[in-house]
Amino acid sequence: MDFDSLLTKIDDAVWGVPLIVLILSAGILLSIRTGFIQIRHLPRALRYLFKEEEDEAHGEVSGFASLCTALSATIGTGNIVGVATAVGILAGGPGALFWMWIAAFFGMATKFAEGFLAVKYRTIDEEGHVLGGPFYYIENGMGKKWKWLAKIFAFFGACVGLMGIGTFSQVNGISSAVTGFFDPNCENTVTILGNTYSIVTVISGIIIALCAGLVIIGGIKRISSVSQVVVPFMAILYILAVVTLLICNITKIPAALAEIIQGAFGIKPIAGGMLASMMISMRSGVARGIFSNESGLGSAPIAAAAAKTKEPVRQGLISMTGTFIDTIVICTMTGLSIIMMGSWADPNLQGVQVTTDAFRKGLHFLPSQAASFILMICLVFFAFTTILGWNYYGERCLEYLSGKNKAAVMIYRILYIAAVFIGPYMTVSAVWTIADIFNGLMAFPNIIALFALNGVVARDTKDYFARLKKGEISD
C-alpha cells in the first residue's frame, strides 16, 4: 500500500459517519437551544462587527480585529481550492455545495457557542495577556478532571497548524497558482532530491516562508493588524471578480442550482447508486465545509478570546458572522462559478486548476491570462493570511501544552516556517488528506465540550437578550 492510499484509509476512518453526525448534531442542538440565533440575530451580529462596546473590558484586540484574525485563518485555499476539490467529478460533485450550505447553517450556531465560551471562560495571566480557547473552556467549564481532554485538543490543534490547514495546504495552493500562471508548462526547472520542480515553485516557497516569518515573530497584535487590512481587501476583490462572473453568465444559474439539488440527493448520481452518490456528496460537502469555515473545530475561539469585550454573547454573535461570510457568501460564489462553467466535470483538472478554468471561461471578455492573474492574487492573499492565523492558533495550543515554555514556542515557530517552506513540494492529494485527518481529530474533543456546555450557552444567551430588552445594557 502506498503512502497516499494509507492516508486515504485513515481519512475515511476519521471522517466517517460518526464524526459527521456529531458535528451536525452539535449544530442542530445549539440552533434549537439558542432559538435559531443564526436566523433571528444575524442582522444584529453584522452590525456588531463595526460597533465597539462603549465600556470595554479585558482583551488585546477589538472584536472586529479578532474576527479578522479568525477569518484570516478560515478564508484561505478552502474557499478556492477546497470548494473545487469538494464539487469535482472525482469527489462529491455539484451536490456537495448543498451539504456545505447545511453544514454552514448549523455551523453558525456552533461558531456562536465557540465564541461565547471562549470569552466566558478565558483567563488573564500575570503579564496581562488574555488566554482562551477550547482548552480553557474544557478545563474551566467542564472541570479540572477534564484537563486531559483539553490537552488532547491542544495537541491536535498544534498539529493542525503545523501539518494541516496552516502550512502545507496553503503554501501548496499558493505555489500551484503562481506556477500555473508564470510557468504553466514547467519550462524552467530545478532538481531537488531527485525530483524536478519549476523554479517559480521554489522561489514562491522561499518568498512566502520569509514573509510569513517576518509577521509571525510579531505575535497576535501584528497578525491582527495585518489581517485587518488584508482580509477585507482580499474578500472584496474576490467577491467583485466572482459577482462579475455570475452576472455575465446569469442565464446559467438556474441550471447550476438544479444540478446542485439533484446531486445532493443522488437524483443525478455521479458514482454508484442514488444512496451511495448522496453519501459521497454529503461527506465531501460537510468535510470541505468544515475545513473552510472551521465551525466545530475549535480554532476560531482561540482568536475570539482575545477580543476586548465584557459580553460573551456579543462576541459569540461576531464570531458567528465568520461562518456566514466564509461559506454562505464566498464558498457559494466559488462553487456556483465552477458548476456554471462545467469545470467541475473535467477529470483532467485538479485543485486550483478547476477554479482557474471556471474563471477563464466565465470572464471570457478578459484575456485568459488576466482572469488567471486575478485568481492567483486572491489565492495568494487568502492562503498567506491563513498561514498567519494558524500559526497563532498553533502557538496558543503549544503554550497550553508546555506551560508557556518560550523555548518550545520558538522551536514551533521555526518548524512552522520550515513546514511552509516544504509545502510546495508535496502532492495536492496528500496535502488535503493530511489536513482533513488532523481537522477531524481536533474536532472530537471540542464537540464533546460543546455538548457538555450547551446548557450554559442557552442560559446566558437568553439572559443577554432579556437584559438587552430591558435596556440594562446597550445594543
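The values are calculated or read from the model by the stated rules, or taken from the named source; none is laboratory data. The shown structure was predicted, so the numbers you read here are calculated from the model rather than taken from an experiment. Because the Cβ atoms are built from the backbone with ideal geometry, glycine has one as well, and the counts that use them run over all protein chains shown. Note: accessible area is taken over every heavy atom of the protein model, side chains too, but ligands, DNA and RNA are not part of it. Shrake-Rupley method; radii C 1.70, N 1.55, O 1.52, S 1.80 Å.
Please list, short to long, the whole-number percent of alpha-carbon pairs of region 257-373 in consecutive 5 angstrom bins beginning at zero.
Cα pair-distance distribution for region 257-373, in percent: 2, 10, 14, 17, 17, 13, 11, 9, 6, 2, 0.
Please identify the GluC sites (Glu not before Pro) of region 388-475 that satisfy two criteria: DSSP loop assignment and at most 13 other Cβ atoms within 10 Å. Which are they?
Glu472
Counting Lys and Arg as +1 and Asp and Glu as -1, what is the net charge of the other residues whose Cβ lies under 15 Å from the Cβ of Phe444?
Values: positive: Lys151; negative: Asp11, Glu114, Glu294, Asp436.
Local net charge: -3.
How big is D, in µm² s⁻¹, for the chain by Stokes-Einstein at 25 °C and 0.890 mPa s if Rh is the Kirkwood radius over C-alpha pairs?
Translational D for this selection: 111 µm²/s.
Name the long-range amide H neighbours of Gly164: under 5 Å, sequence gap of 5 or more, or other chain; modelled H, no Pro or chain starts.
The answer is none.
Quick one: net charge around Trp99, please, counting Lys, Arg +1 and Asp, Glu -1 for every other residue with C-beta under 10 Å from its C-beta.
Here the count lands on +2.
Using +1 at the C-beta of Lys and Arg and -1 at the C-beta of Asp and Glu, which of Ile387, Gly298, Ala96 has the Cα lying farthest in the positive direction of the dipole of the chain?
Gly298
Quick check for me: using +1 on Lys/Arg Cβ and -1 on Asp/Glu Cβ, what's the dipole size of region 352-475 about its Cα centre, in debye to the nearest 20?
180 debye
With θ taken as phi - 60° and the coefficients 6.51, -1.76 and 1.60, list the Karplus ³J(HN,Hα) couplings across region 4-15 in order, rounded to whole Hz; mark glycine and proline as x.
Listing the rounded values in order: 4, 5, 5, 4, 4, 5, 5, 4, 4, 6, 5, 8 Hz.
Show me the GluC sites (Glu not before Pro) within region 87-181 that DSSP assigns to loop and that have at most 16 other Cβ atoms within 10 Å of their Cβ. If you can, show how the numbers build up before the last one.
On the way: sites: Glu114, Glu126, Glu127, Glu139; in loops: Glu126, Glu127.
Here the sparse-neighbourhood loop sites are Glu126, Glu127.
A 25 angstrom limit on the alpha carbon distance is what I want to check against. Which of Lys308/Lys404; Lys308/Lys462; Lys120/Lys145; Lys9/Lys147; Lys9/Lys406; Lys120/Lys144 exceed it? Walk me through the intermediate numbers first.
Details: Lys308/Lys404 22 Å; Lys308/Lys462 22 Å; Lys120/Lys145 19 Å; Lys9/Lys147 30 Å; Lys9/Lys406 37 Å; Lys120/Lys144 16 Å.
Beyond 25 Å: Lys9/Lys147; Lys9/Lys406.
Quick one: with all protein chains in place, what share of the accessible area of region 197-346 is carbon or sulfur, to the nearest percent (1.4 Å probe)?
Taking all protein chains in place, region 197-346 shows 77 percent carbon and sulfur surface.
For the pair Val329 and Ile267, what calculated FRET efficiency results from E = 1/(1 + (r/R0)^6), where r is the Cβ-Cβ distance and R0 = 25 Å, to the nearest 0.05?
The formula returns an efficiency of 0.40 here.
Could you tally the net charge around Phe465, taking each other residue with its Cβ under 13 Å from the Cβ of Phe465, Lys/Arg +1 and Asp/Glu -1?
Summing Lys and Arg as +1 and Asp and Glu as -1 gives +3.
Of Val130, Ala345, Gln369, which is farthest towards the positive pole of the chain's charge dipole, taken about the Cα centre with +1 and -1 on the beta-carbons of Lys, Arg and Asp, Glu respectively?
Farthest towards the positive end: Val130.
Per the Kirkwood treatment, what hydrodynamic radius in Å, one decimal, follows for region 151-218 from the mean inverse distance over all distinct Cα pairs?
13.5 Å
Given N residues in region 157-315, what is Rg(Cα) / (2.2 N^0.38 Å)? Don't jump to the answer; show the numbers that get you there.
Numbers: Rg = 20.7 Å, N = 159, 2.2 N^0.38 = 15.1 Å.
Relative to the rule-of-thumb radius for its length, region 157-315 sits at 1.37.
Where the only charges are on Cβ atoms (+1 Lys, Arg; -1 Asp, Glu), what is the dipole of the chain about its Cα centre, to the nearest 20 debye?
980 debye
Work out the charge dipole of the chain with +1 on the Cβ of Lys and Arg and -1 on the Cβ of Asp and Glu about the Cα centre, then indicate which of Ile253, Gly107, Tyr197 is farthest towards its positive end.
The residue sitting most towards the positive pole is Gly107.
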